[in-house]
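Peer 1: Before anything else, here's the structure in question.
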Amino acid sequence: MAKKESKNDNKVKKHFFKDFKAELKKVIWPTPKQLVNNTVAVITIVLITAAIVFVLDVVFDLMNKYGISNLQNIVNEQFNSEEESNTDSNAEGENTTTEGQIENQETDTTNSVEETSSEETSNTTVEENTTTQQ
C-alpha cells in the first residue's frame, strides 16, 4: 500500500508543476517600459503620501505646542488668581478650612494614637520577655 501512495504523490507533484508552468505561460508580462512607468508611479504616490503625512504631523505638533499650551496657561492663570484671592482673604483673619484639611488633621491624630499604642504593646512585650528569662 505504501508504494501506491508514493506513486500517487509523485503524480500529484508532477501534475502540479505542469499546471504551474502552463499558468506562467498565460501571464502577460509587462514590457520594460511599462515596468519603469509603473515603478515610477508607485514611488511618486508613496512620496506624495509621505509628504502629506509629514505636513499633517508638523501642523498638529504646532497646534499642540501653541494652541493647547496657551489654553492650558490661560486656565492655570485663572486658577492661580482664584487661589491668590483665597489666600488674601485668609491673611485678613478669616478662618477657612476645607474638608480635606480637616480630614488630614483627623487622620494625623489617629495615626499618632495608633503609633503610641503599638509602642506601648511592644514595650510591654519586651518587659515580659526579660522577666521570663530571669
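The values are calculated or read from the model by the stated rules, or taken from the named source; none is laboratory data. The model shown is predicted, which means the values in this text are computed figures rather than measured ones. Backbone-built Cβ (ideal geometry, glycine too); neighbour counts: all protein chains shown.
Condition check ((1) touching a helix residue (DSSP H, G or I) at 6+ places or on another chain (Cβ under 7 Å); (2) modelled with pLDDT under 80; (3) at positive phi; (4) part of a helix (DSSP H, G or I)) across all residues:
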| position | (1), (2), (3), (4) |
| --- | --- |
| 66 | no, no, no, yes |
| 70 | no, no, no, yes |
| 75 | no, no, no, yes |
| 79 | no, no, no, yes |
| 82 | no, yes, no, yes |
| 89 | no, yes, no, yes |
| 95 | no, yes, no, no |
| 100 | no, yes, no, yes |
| 106 | no, yes, no, yes |
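Peer 1: Also, I was wondering about something else. Would you say residue 25 is part of a helix (DSSP H, G or I), at pLDDT 75 or above and surrounded by fewer than 10 Cβ atoms within 10 Å (Cβ to Cβ)?
Peer 2: yes
Peer 1: Please give the number of the condition residue 118 fails out of (1) surrounded by 10 or more Cβ atoms within 10 Å (Cβ to Cβ); (2) at pLDDT 55 or above; (3) small (Gly, Ala, Ser).
Peer 2: Exception for residue 118: condition (2).
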